[in-house]
Amino acid sequence: MPKFATFQNMRDDPPPSKDELKEMVAQFGEPLQLLYVRSRYDAFFNERYPTGSGRQNPRENWTFDFETHMTAAEEAELRSLCWPLATNFVIDIMVGIDNLLDKDEGDLDALVEDLLQLAASYGGAMTDAKLALVQERFESWHGDAGSAIREGYSDHLTRSTQTHSAMANALANAAQLDSLIMMKVRHHLDGLVRAAGTAIDNGPAGSHLDFEPIIGWLTFIGILVSTPGGPAVPAAVGWVGSTIKTILSELPLEQADEPTMDSSDPDELRDQVLAALDQVAEVVKADREQLAEELVAFFAEVAAPLGSGDAAASSRVIPNPNGVDGITL
């Protein structure tokens, strides 16, 4: 069962912020260093004591959480050799988080509010700009020029205003979805970091891994809405509403392949974590491509009359003060 069935479920359980995620990763330094020490100990020891002769008896207090046959100075040397490896591992994850969280949700949410206000302002344009009065006065404009201006301009003032309001709402809803994609990425990264931490803490290579995958956290957006009494359909028609909140509960999250992060060998685990970051990047890419395709399709439909060559049709998008049929004012 996916952890989040819909976007609304996801919003009800906010994930850690970007800074909180990076703080979680920063805690990996010491455990990773010890994981590298465990994996490098045998090779390091055999290089110092190729025949086993001269090795130290186990000391009462050793530097690591396992028994060694080295001096304190040798243990400190091994630790110092492993620290850069652990540090680079942590840096790799930090960079991956920065690359994935490449947009500011606050900025996107502010853009949503601005676009919704713009859409609402179009709604009041009939009163604020006295469009009805303009249309009424054109009714008394006689002759071919009057007919042309009504057909190409004033008759379409209401329709074109509604069209621009719809476009502003569509952009607002797209920005809202992009913000939600960022929230979903933070959910993915939360699962990724926790899974990596579980693997890091599981001990030396060869031991049993008590690893519990986070089922269902890697998901794709499914931009679908349901029509009354009908099946789910592409959601472009739903984008023109004043808010996307009404359809959040119907935006499904389709589960992707679960990434693997279960190795206690630090080099293998690093490859697995980087591969999981790549998987999240693919999910984000797929989400944004689908979002872009839906948005482009919507605007292509809106803009189609502009390229029709029919001034009366194009005026439904942008009123044409020069009228139609070659009659100009």
Q) Considering only the other residues whose Cβ falls under 10 Å of the Cβ of Ser39, what net charge follows from Lys and Arg at +1 and Asp and Glu at -1? A) -2
Q) Any idea how far the Cα center of segment 68-88 sits from the one of segment 284-302, in Å? A) 52
Q: Enter the accessible area of Asp98 (Å², nearest 10), with the probe set to 1.4 Å and all protein chains included.
A: 60
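Could you order Leu116, Leu21, Leu81 so the one with the most accessible surface comes first? Probe is 1.4 Å.
Largest accessible area first, the list is Leu81, Leu116, Leu21.
The values are calculated or read from the model by the stated rules, or taken from the named source; none is laboratory data. On a predicted model such as this, the values are computed, not experimentally measured, just so you know. Because the Cβ atoms are built from the backbone with ideal geometry, glycine has one as well, and the counts that use them run over all protein chains shown. Keep in mind that these areas ignore ligands, DNA and RNA; they rest on the heavy atoms of the full protein, side chains included. Shrake-Rupley method; radii C 1.70, N 1.55, O 1.52, S 1.80 Å.
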